[in-house]
1. If packing is taken as the mean number of other Cβ atoms within 10 Å per residue, what is the order of 711-718, 335-342, highest first?
2. Give the residue from 566, 524, 462 lying farthest towards the positive end of the charge dipole for the chain; charges sit on Cβ (+1 for Lys and Arg, -1 for Asp and Glu) and the dipole is referred to the Cα centre.
3. Hey, rough spin-label estimate for residue 317 and residue 404, points 7 angstrom out along Cα→Cβ, what's it come to in nanometres?
4. Name the trypsin sites (Lys or Arg not before Pro) in the range 34-105 that are in a loop by DSSP and that have at most 13 other C-beta atoms within 10 Å, would you?
5. In percent, how large is the relative contact order of the range 196-263, given Cα pairs closer than 8 Å and 6 or more residues apart?
6. Could you work out how far the C-alpha centroid of the range 312-360 sits from that of the range 40-65, in angstrom?
7. Mind putting a number on the dipole of the range 556-628 about its Cα centre? Charges go on the C-beta only, +1 for Lys and Arg and -1 for Asp and Glu, and I need it in Debye to the nearest 20.
8. Which of [x] 129, 72, 61; [y] 102, 65, 55; [z] 93, 76, 54 is the computed Cα extents along the principal axes in Å for the structure on display?
Amino acid sequence: MSAGIGATVRRKEDARLITGRGNYSDDFNLPGQAYGAAVRSPHAHARIRGIDTTAARAVPGVLAVLTGKDALADGLKRIPHLAAAGTPPDIVLHNRDGSPVPAAPHHVLPADRVRHVGTCVAFVIAETVAQAKDAAEKVVVDYEPLPAVIDAKAAVEPNAPRLYDDLSNVMIDAEVGDAKATDEAFARAAHVTRLDTWVNRVTGVPMEPRAAVGVYDPATQRYTLYAGSGGIVRQKKEIAGILGVPFEAVRVVAHEIGGNFGTRNSFFPEFALVVWGSRKVGRPVKWTAERHEAFISDYMGRDLTVSAELALDAEGHFLALRTSNLSNVGAHSGSYVPLVKGVGLATAGYRIPLSYIRARAVLSTTMCTTPYRSAGRPEVIYVIERLIDKAAQEHGFDRVALRKRNLIPPSAFPYKNPQGITYDNGTYRAVMDRAMALGDWSGFKRRRAEARKRKRLRGIGLCCYLETTGGYPRERADVTVHPQGKVDVVVGTLSSGQSHETTFAQCVSEWLGVPFDDVNVIESDTDIVKEGGGSHSARSMRLAGIVMGNASDMIVDKGKKIAAHMLETAEEDIGFAGGRFTVKGTDRSVGIFDVARAAAEDRDMPEQLSGPLAATSDETIKQLGFPYGAHVCEVEIDPETGKLDLVNYTAVDDVGRAINPMVVDGQTHGGAAQGIGQALWECCSYDADGQLLAASFMDYAMPRADYLPSFTTDISQVLTPTNRLGVRGAGEGGTTGALGAVVNAVVDALAEFGVTHIEMPVTPERIWQAIKSARP
């Protein structure tokens, strides 16, 4: 069986994981380690007047109690979050008044104020976990409570409580598009549809709560962090920045990541606390979050308030989109990426000639929001897809015909949208047609009639989505062919379930003609991995494919020179295929591992060809990818209780070339479950005082396997011309299409009651209230 590009190969990772041989963050333990416990603020907003650690330090086994004053005294810097307001080729947001876009600081331990519930204000280190927790309870913090502001709309008001004395709550207030031309298009429109909505705040809820072990070696003056994240090189850079030490003085190690979904890409205070704490106490320090800590201190996602309008002519052609996007970034500037990405993609895969978008990012006394699976794209795709269904419902159009009329045709590519983003290529309508066929759209009337006999409401929803992937643009691959018959591939991505050990090996196996099982992918240790951007924004295969391919080409080129020397012929007479270098037109050949051995051991080898058969490719690739697809969702509702059953779900995704179709299907399944979870159940709810009301699994509702049907999935493979593999990315699309498909299906089921919109999460109570409000 082929194990190369495009083959369905079982994952290398699975044998290790299902037999309990995985190495997760909490599995790291070092001799003599101490344990940390965090003291967290019960207030959403309060001034820290003082912290008394006397009683805590007196607890037996306590080694240190660290506070914000200690951090300032030791010169710890703020966390260097990547808080740019966009970088090309994405759009860049500029404040309307010309002022620079600021970044609200985030310190590992604040010395002045707390700005969200769960802020770590002190870090206790003790001999045991129990001692650390006991001592943490004895830390006395003198708080001066201050007014909280939770809602983004309230936070932009002039009289809203300010989180920083020297900063406005509004970090970004930008305009994108042509306001005058858009207003003119709306003035001449035959139809206008408006949607006001809030895209609910959620969090990643990874299988394994965060854990970290930090160790400082005074002999080498090096810090080592063992912790899962979205990328080890980024964590290394940020630790070095916080501690004010050279980049080379830090090492980061991560193996299995017990779930990420974007919420682990940014740096967390506890990672700095364990390495700094180790230096303070002279021992390794371990910290493991409990689930309630994770809920209040993990980064969150979404939380976008939108007021949007779509203008149409009499025939249903889209004329313009006008929208206000207000992003609640929380207490600190963790990231503006969701706002930037969403603005750039607001018109999605439709021919909308004009747009005007007001984009704002605002602080609030809540946990930071950072990129969460598909960062910013599910929000805006949900908005445009709801607008289309709402326009059809309000103005008498067929919702499918409306989409067909306005989807960008293949002949229009490359296509520049009105925000300035240029799409590569695609067959958007064909993918929609395929999803509808697989979802048996034509048979829905019969299924609805059958449901009605059982006194159930049945609805079907469609969502056509477009993704824009990007991420950190620099990636590096070091590929080495060993004489012993193995190939090492060192690359700066980091798998958190994306199957890199399998899919990367498939690529290198094909390019170098070596057995799949003999390719070893290494991503886990910055003493080996020198550069790279980790895994986010569906960047891993797109960018790693380029640098792994370049390095493989260089190895083949060098191998031809070595083989020519071995076979005593000219280099131009050497061909390469199937792992062998052959003299063209003859049966004389040598294998790639033989070439590696000769390079390492043959004393007659020219100096420039001797040594390891290895190559490095380090590239900065500022290029976007554009996955797209269509999802069809079918629901059934009990009108007496509002109970909803998700009965069918179909997804067709174009990821470009599918390196391993089974892995792509798995990504779609997981992504769809996350999107469906947000649409129907999940929500990080705060009360008016900033207390998180969903801080346990008792209150934060998660999608479960028995809530979901078996998914029907299919893969479209229109290759993008932007990289050698033709890949677009496969990690995000399952989520991006789910929100719109689910809510459109629910509204379709409730349309007979005059319901034109329902907010997420679409709980049974909300459904019941919508029906009750419509009934006389």
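The values are calculated or read from the model by the stated rules, or taken from the named source; none is laboratory data. None of the values given here were measured: they were computed from a predicted structure. FYI the Cβ positions are ideal-geometry reconstructions off the backbone, even for glycines, and counts take in every protein chain you see. For accessibility, only protein heavy atoms count, side chains too; no ligands or nucleic acids. Shrake-Rupley method; radii C 1.70, N 1.55, O 1.52, S 1.80 Å.
1. Values: 711-718: 18.4, 335-342: 27.4.
Packing proxy ranking, top to bottom: 335-342, 711-718.
2. 462
3. 1.8 nm
4. Details: sites: 40, 47, 49, 57, 69, 77, 78, 96; in loops: 77, 78, 96.
When the trypsin sites (Lys or Arg not before Pro) of the range 34-105 are filtered for loop state and at most 13 Cβ neighbours within 10 Å, 96 remain.
5. 38 percent
6. Using only Cα atoms to place each centre, the spacing works out to 44 Å.
7. Values: 9 positive and 13 negative charges, 50 e Å.
Dipole of the range 556-628, to the nearest 20 debye: 240 debye.
8. Looking at Cα extents along the principal axes in Å for this model, the match is [z].
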